[in-house]
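Peer 1: Following this message is one structure expressed as structure tokens.
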Amino acid sequence: MKKNFNATIGQATAKDAPEIASLLSWAFGFSKARSDEYIANVGLGSLRLLRGERGEATACAALLETAQLFHGRPVCAANIAHVAIAPERRGQGLAIPFVDGLCEEARRKGAAIASLFASTRPVYRRSGFELAGHEIVYEAETANLPAASKLAFERVELDDPRIARAYAEKTTREAGLLARCPAHWNELRRKPTDALAAYLAEGAYLILDMGDEARLDIRDWYAGSPEAAQGLLSFLARFRSVYPVVRWHGGPQDDLVAAMPDKGWRLAHQEEWLASVLDPATALKQRGYHVRDARLALRIGQAALEIEIRAGTVEVREATVPSGPTVALQAPAFVQLFTGFRSASKLAQYGQVAGDAADIILCDQLFAGPPPWVAEHF
């Protein structure tokens, strides 16, 4: 990061709240009430400011400590959320040094990866971010939902600890989902709370937002089996007389879509989140893998790391002269490989991975798993 920006990035304080609210309003169209709510939900301790020469706030963002799970194991991570730059300072190159500074702080605190959503991808790519996973919103006609199920739901409080435990179980079955920090849960339960309701059943839960007459929004959900997914959809079918459609966040291989009939659902929104691997060795060490025994050297730019898995135990070390299977790639391709967004074979087709055919296949096997996604927009 440029030195002249180093001293100007700092943690927000209570007196900064009005300026932060203005930045959020100008960047995202937040109302005053929504800005204040967001600041309260993420906490001033998570908000960072980039200050101008006179000490004024020129940019803000939330830096959320979390983890993202890959093949059942958490990788220490940071979400860089809602980067907002003052309109008069846009186009002046502030975003890159600001994000670089946030990544430096995240790395110092132990994050091995950082993730964000970007409105302007080329800017964040210059800071080392690359496409890493999906955010998908599905929509279905409530009249097309299956109606028969024996699954019994009970209404519970929004902060019922069983919901958090069920979500933790969900993270182990997917790739990329967040180990939610309080800020994530606070935003999930944001207003209008009088229109929110949580329901729990055996192997399933729902948090419903009934504040829009045009559709029923599922803020969060989990179905731990095909029967639970069928029962969840059947419970939603009870709302068909009020809401014509229902929407939910889901994965590329979505459990609710799999429980739907061949027709009756559609894609309402799709976007990709970006990630940067801040510490490749630590990230590889923490990640889970599809195989229990493997050895492969990855040459990432000029650096080389050897990953060895024996009976599920992972070791990562520097490999100045790799011996054995080796795959070479640049940092942007490594991000996509690491999260499982693209396979080594597909990256090789794009000319972004080099290696013997057998080594590339081994790399495919090593990083195999469900496609990565997140269940919220941050």
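The values are calculated or read from the model by the stated rules, or taken from the named source; none is laboratory data. None of these values were measured; they are calculated from a predicted model. With ideal geometry, Cβ positions are generated from the backbone for all residues, glycine too; neighbour counts draw on all protein chains shown. In case anyone asks, the SASA skips ligands and DNA or RNA and just uses the protein heavy atoms, side chains included. Shrake-Rupley method; radii C 1.70, N 1.55, O 1.52, S 1.80 Å.
Peer 1: For region 167-186, which positions are surrounded by fewer than 21 Cβ atoms within 10 Å (Cβ to Cβ) and of a type in the set (A, V, I, L, M, F, W, C)?
Peer 2: Ala168, Ala179, Cys181, Trp185
Peer 1: All but one of (1) open to solvent by 50 Å² or more (accessible area, probe 1.4 Å); (2) over 22 Å from Ala81 (Cα atoms) hold for Arg189; state the number of the condition that does not hold.
Peer 2: Of the numbered conditions (1) open to solvent by 50 Å² or more (accessible area, probe 1.4 Å); (2) over 22 Å from Ala81 (Cα atoms), the odd one out for Arg189 is (2).
Peer 1: While we're looking at this one, here's another question. Look at region 269-292 and say how many of its residues are touching a strand residue (DSSP E or B) at 6+ places or on another chain (Cβ under 7 Å), at pLDDT 95 or above and either more than 20 Å from Leu177 (Cβ to Cβ) or open to solvent by 50 Å² or more (accessible area, probe 1.4 Å) (or both).
Peer 2: Count: 5.
Peer 1: Here is a further query. What is the residue count in region 117-157 for residues that are of a type in the set (A, V, I, L, M, F, W, C) and modelled with pLDDT under 95?
Peer 2: 8
Peer 1: Exactly one condition in (1) closer than 25 Å to Ala40 by Cα; (2) modelled with pLDDT of 95 or more; (3) over 13 Å from the mean Cα position of the chain (by Cα); (4) aliphatic (A, V, I, L, M) is not met by Ala112; state its number.
Peer 2: (1)
Rundown of residues vs (1) surrounded by fewer than 18 Cβ atoms within 10 Å (Cβ to Cβ); (2) modelled with pLDDT of 95 or more; (3) closer than 15 Å to Ala106 by Cβ; (4) charged (D, E, K, R), yes/no style:
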| residue | (1), (2), (3), (4) |
| --- | --- |
| Leu24 | no, yes, no, no |
| Leu49 | no, yes, no, no |
| Ala57 | no, no, no, no |
| His82 | no, yes, no, no |
| Gly93 | yes, no, no, no |
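Peer 1: Give the number of residues within region 320-335 that are over 25 Å from the mean Cα position of the chain (by Cα) and open to solvent by less than 10 Å² (accessible area, probe 1.4 Å).
Peer 2: Our first condition is that a residue be over 25 Å from the mean Cα position of the chain (by Cα); within region 320-335, this holds for 320-328.
If we keep only those that are open to solvent by less than 10 Å² (accessible area, probe 1.4 Å) too, we end up with 327.
Residues flagged as over 25 Å from the mean Cα position of the chain (by Cα) and open to solvent by less than 10 Å² (accessible area, probe 1.4 Å) within region 320-335 amount to 1.
Peer 1: Could you list, in sequence order, the residues of region 172-215 that are among the aromatic types (Phe, Trp, Tyr) and either in contact with a Phe, Trp or Tyr (Cβ under 7 Å, 6 or more places away or on another chain) or part of a loop (DSSP other than H, G, I, E, B) (or both)?
Peer 2: Tyr199, Tyr205
Peer 1: May I pose another question? Scan region 268-275 and give yes if some residue there is more than 20 Å from Ala175 (Cβ to Cβ) and either without any contact (Cβ under 8 Å) to a residue 24 or more places away in the chain or of a type in the set (Gly, Ala, Ser) (or both), otherwise no.
Peer 2: yes
Peer 1: Please specify each residue of region 140-163 satisfying the condition of being free of Cβ contacts under 8 Å to residues at least 60 places away in the same chain, aliphatic (A, V, I, L, M) and open to solvent by 40 Å² or more (accessible area, probe 1.4 Å). Spell out how you get there, then give the answer.
Peer 2: Let us first name the residues in region 140-163 that are free of Cβ contacts under 8 Å to residues at least 60 places away in the same chain, namely 152, 154-163.
In the following step, the residues that additionally are aliphatic (A, V, I, L, M) were identified as 152, 156, 158, 163.
Matches in region 140-163: Ala152 only.
Peer 1: Of the numbered conditions (1) open to solvent by 60 Å² or more (accessible area, probe 1.4 Å); (2) assigned to a loop (DSSP other than H, G, I, E, B); (3) touching a residue at least 60 places away in the same chain (Cβ under 8 Å), Glu376 satisfies every one except a single condition; which is it?
Peer 2: Condition (1) is where Glu376 drops out.
Peer 1: Among the residues in region 50-68, are any among the polar types (S, T, N, Q), more than 15 Å from the chain's Cα centre (by Cα) and not in a helix (DSSP H, G or I)?
Peer 2: yes
Peer 1: Which residues, taken from region 343-353, are surrounded by fewer than 15 Cβ atoms within 10 Å (Cβ to Cβ) and either in contact with a Phe, Trp or Tyr (Cβ under 8 Å, 6 or more places away or on another chain) or closer than 17 Å to Gly301 by Cα (or both)?
Peer 2: Selection gives Tyr350, Gly351.
Peer 1: Are any residues in region 217-235 surrounded by 22 or more Cβ atoms within 10 Å (Cβ to Cβ) and closer than 23 Å to His269 by Cβ, and if so, which ones?
Peer 2: Asp220, Trp221, Tyr222, Ala223, Ala229, Leu232, Leu233
Peer 1: Then there is this: Which residues, taken from region 337-354, are of a type in the set (S, T, N, Q) and closer than 18 Å to Trp273 by Cβ?
Peer 2: Thr339
Peer 1: Inside region 28-39, can you point out the residues that are assigned to a helix (DSSP H, G or I) and either without any contact (Cβ under 8 Å) to a residue 12 or more places away in the chain or more than 21 Å from the chain's Cα centre (by Cα) (or both)?
Peer 2: Lys32, Ala33, Arg34, Ser35, Asp36, Glu37
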